[in-house]
Amino acid sequence: MTLQHINIDKLSVSPLNVRKQGAKDCDDLIASIRALGVLQPLLVRALEDGFEVIAGQRRLNACRIIAEDCDIDPLPCLIMTEGDDAAAIEASLAENIERLPMDEVDQYKAFAKLIKEGREPTDIAATFGITERMVSQRLALGRLHPPILNAYRKDELHARDIRILTMASLKQQKEWWALVKDKDAYVPTGQRLKDWLFGGAHIPVANAIFDVEATTLHIVSDLFGTDAYFADSTRFWIHQNDALLKAVETYKEAGWAQVVVLDEGAYFATWDHRKTPKSDGGKVFVTRSHQGEIAFYEGYITNAEAKQRDRAKADPTTKPQSELTKAAQNYVDLHRHAAVRADLLGQSGIALRLIAAHLMAGSSLWRVEADPQKAAKPEIADSLEWNTGQATMEQEREDIAKLLGLDDSSPLANINAEWAPRPCISEMFATLQDLSDADVARVLTFLMADSLSAKSPLIETLGKDMQTDMRQHWTPEPLFFDLVRDKQVLNGMVGEYAGDTVAAENITETAKTQRAILSACLEGTRDPENTEWMPAYMGFPQGTYLGVPCAGEVLEANGEVAQAA
């Protein structure tokens with residue numbers, strides 16, 4: 001470079017000068033130059049008919065203002081060599097960053113020019129003594145829709161909103177700008193703008209419990225903050241729920257009694273729980289926030305469970321709480337009862353032995369009367385009409401009445417009906433005298449089936465012995481799903497019916513959502529994975545989903561429990 005004093009009329013501002021805003025703000029320089037002159041040379045480059053100022057635009061403007069009132073001496077200038085645009089831009093940037101702060105947009109455009117000239121962000125940061133993050137922040141302004149960038153430069157938009165918009169797609173920016181231009185439209189700003197961009201679910205990458213790098217999920221970084229976000233919250237939840245399911249299985253394999261996944265947004269209140277070690281049946285509770293944050297609380301049981309344990313210790317005969325509601329248990333009991341009775345009709349040998357057992361041990365029903373089949377709700381009673389076991393029993397009732405020569409008008413036609421008068425023993429005996437042993441065995445078998453208590457533990461024993469298949473008598477129906485309240489039980493059913501993938505994706509959803517999935521499989525609007533599905537409660541032996549034995553409505557009178565054992 002060479003130093004030369006150049007007349008002011010030979011100087012012009014170079015288009016490579018990075019300062020576009022604030023150059024006219026030079027009042028602080030005018031007084032200094034009037035008193036002391038230009039102390040620092042301007043950085044210039046030669047043109048055909050003059051020189052262009054690369055760095056020193058504010059000093060040049062100050063000198064022009066002074067020249068309007070009086071003559072001014074030629075200005076000291078350092079003349080650069082030709083052909084190095086990147087060096088010229090760097091020189092302009094270095095001077096302007098050190099002095100009056102440049103407009104952010106000017107900095108962005110200058111950095112963008114350097115990138116175009118082949119400079120790397122790390123080189124730019126090192127050259128000007130600033131952070132690489134600052135360089136990235138300025139370059140991020142280049143993602144903005146031009147009208148938005150111009151409005152920001154005119155101070156018409158808040159810097160906070162501009163920084164959020166750098167994370168938006170061009171389409172989103174255009175939609176937002178259309179709202180700004182529409183005087184009647186609501187324009188989201190601040191936190192609401194972030195919610196608007198991310199669909200109300202701006203999920204930080206830090207909340208993921210899966211290996212983010214192993215996925216193809218798109219990440220949007222907040223260059224002006226400390227967080228990065230998932231661009232697609234729906235795909236995030238697929239991975240997050242899958243990882244959550246694996247974590248649940250890991251806890252179970254480690255020996256935890258139960259892992260309870262709470263509803264989304266639910267708060268785990270430690271004061272409503274008692275700290276309990278894994279060795280004593282402690283559970284793991286899992287919370288999930290709307291922003292995807294998952295927390296595990298190990299070694300707790302609810303206060304209600306703790307009180308029940310205390311009562312059980314004080315009274316060992318206390319039964320554990322069933323995982324089914326009373327109505328749901330009643331539903332299961334009655335349908336299992338109907339199926340077992342129907343199968344018993346074809347097992348005369350078993351029926352005769354049951355009669356002998358009843359004669360010897362007695363029974364709460366050994367007046368040989370029909371089980372009343374009391375339903376907890378009218379809907380349950382109605383559902384029995386669809387059970388083929390129930391229909392089979394009613395048909396056999398009619399056939400037995402005909403076998404005994406009873407007509408429809410006789411009260412005896414309603415054998416064992418709770419409201420019907422008891423038949424005359426001598427008349428009934430005379431009728432039976434005329435029947436074959438096979439017919440008598442058939443009558444006895446029917447009477448045993450009809451008088452088998454729905455609340456008897458023998459239902460379980462008989463179902464296993466006869467290998468009763470509930471699929472032959474009952475099919476899943478929405479009423480059953482409605483009666484089940486436990487969300488985890490429903491999710492277990494979803495896994496069996498709709499498949500493990502569907503269950504994993506919906507593990508944290510509400511009971512209502514779980515029922516909707518089961519009903520959709522039932523109605524054919526969703527393809528079930530297992531078309532032969534039957535809930536564990538309907539099996540023989542009876543299964544569970546949480547490992548809690550089903551309580552049933554067992555009559556303990558007259559030794560029935562002892563018989564089952």
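Just for strands (runs of 3 or more DSSP E) wholly inside the stretch 164-263: which have at least 3 residues that are modelled with pLDDT of 80 or more?
On the way: elements: 219-221, 228-230, 259-261.
So the answer is 259-261.
Looking at the stretch 1-39 only, could you name the residues that are in a loop (DSSP other than H, G, I, E, B) and at pLDDT 80 or above?
The answer is N7, S14.
Kindly indicate which of A504, A454, A449 is farther than 22 Å from R336 by Cβ, open to solvent by less than 20 Å² (accessible area, probe 1.4 Å) and either in contact with a helix residue (DSSP H, G or I) (Cβ under 9 Å, 6 or more places away or on another chain) or of a type in the set (F, W, Y) (or both). If you could, list the steps in order and put the result at the bottom.
Details: A454 fails: farther than 22 Å from R336 by Cβ; A449 fails: farther than 22 Å from R336 by Cβ.
None of the other options fit; the residue is A504.
Scan the stretch 138-153 and tell me whether some residue there is of a type outside the set (G, A, S), in a helix (DSSP H, G or I), at pLDDT 70 or above and within 30 Å of I294 (Cα to Cα).
Checked against the condition, which is being of a type outside the set (G, A, S), in a helix (DSSP H, G or I), at pLDDT 70 or above and within 30 Å of I294 (Cα to Cα), the stretch 138-153 yields no hits at all.
What are the residues in the stretch 532-565 that are among the β-branched types (V, I, T) and either modelled with pLDDT of 90 or more or open to solvent by less than 60 Å² (accessible area, probe 1.4 Å) (or both), if any?
T544, V548, V554, listed by residue number.
Regarding R397, is this residue within 30 Å of E477 (Cα to Cα), modelled with pLDDT under 85 and not small (G, A, S)?
In short, yes.
Output the residue which, of all residues in the stretch 292-322 that are touching a strand residue (DSSP E or B) at 6+ places or on another chain (Cβ under 7 Å) and of a type outside the set (F, W, Y), is surrounded by the most Cβ atoms within 10 Å (Cβ to Cβ). Give the derivation first.
Step one: of the stretch 292-322, the residues touching a strand residue (DSSP E or B) at 6+ places or on another chain (Cβ under 7 Å) are 294-303, 306.
From what's left, of a type outside the set (F, W, Y): 294-295, 298-299, 301-303, 306.
Working: I294: 18, A295: 11, E298: 17, G299: 18, I301: 21, T302: 16, N303: 13, A306: 15.
Applying the filter and picking the extreme gives I301.
Can you name the residue in the stretch 292-311 that is polar (S, T, N, Q) and either in a helix (DSSP H, G or I) or in contact with a Ser or Thr (Cβ under 9 Å, 6 or more places away or on another chain) (or both) and, of all such residues, is farthest from S233 (Cα to Cα)? Lay out the reasoning, then the answer.
Applying the first criterion (polar (S, T, N, Q)) to the stretch 292-311 yields 302-303, 308.
Narrowing the set further to residues that are either in a helix (DSSP H, G or I) or in contact with a Ser or Thr (Cβ under 9 Å, 6 or more places away or on another chain) (or both) leaves 303, 308.
Numbers: N303: 35, Q308: 41 Å.
In this case the residue turns out to be Q308.
Identify the residue in the stretch 323-336 that is polar (S, T, N, Q) and crowded, with 16+ Cβ neighbours inside 10 Å and, among all such residues, is nearest to the chain's Cα centre (by Cα).
Taking the candidates together, the pick is Q329.
Could you please give the count of residues in the stretch 275-322 that are modelled with pLDDT under 90, over 25 Å from the mean Cα position of the chain (by Cα) and basic (K, R)?
So the answer is 5.
Looking at A247, A339, A257, which one is touching a residue at least 40 places away in the same chain (Cβ under 8 Å), of a type outside the set (F, W, Y), in contact with a Gly (Cβ under 6 Å, 6 or more places away or on another chain) and open to solvent by 20 Å² or more (accessible area, probe 1.4 Å)?
Details: A247 fails: in contact with a Gly (Cβ under 6 Å, 6 or more places away or on another chain); A339 fails: open to solvent by 20 Å² or more (accessible area, probe 1.4 Å).
Just one listed residue meets the conditions, A257.
The values are calculated or read from the model by the stated rules, or taken from the named source; none is laboratory data. What you see is a predicted model, and the numbers here were worked out from it, not measured in a lab. Positions of Cβ are backbone-derived with ideal geometry, glycine not excepted, and every protein chain shown enters the neighbour counts. When the accessible area is computed, the model is the full protein with side chains, heavy atoms only, and any ligands, DNA or RNA have been set aside. Shrake-Rupley method; radii C 1.70, N 1.55, O 1.52, S 1.80 Å.
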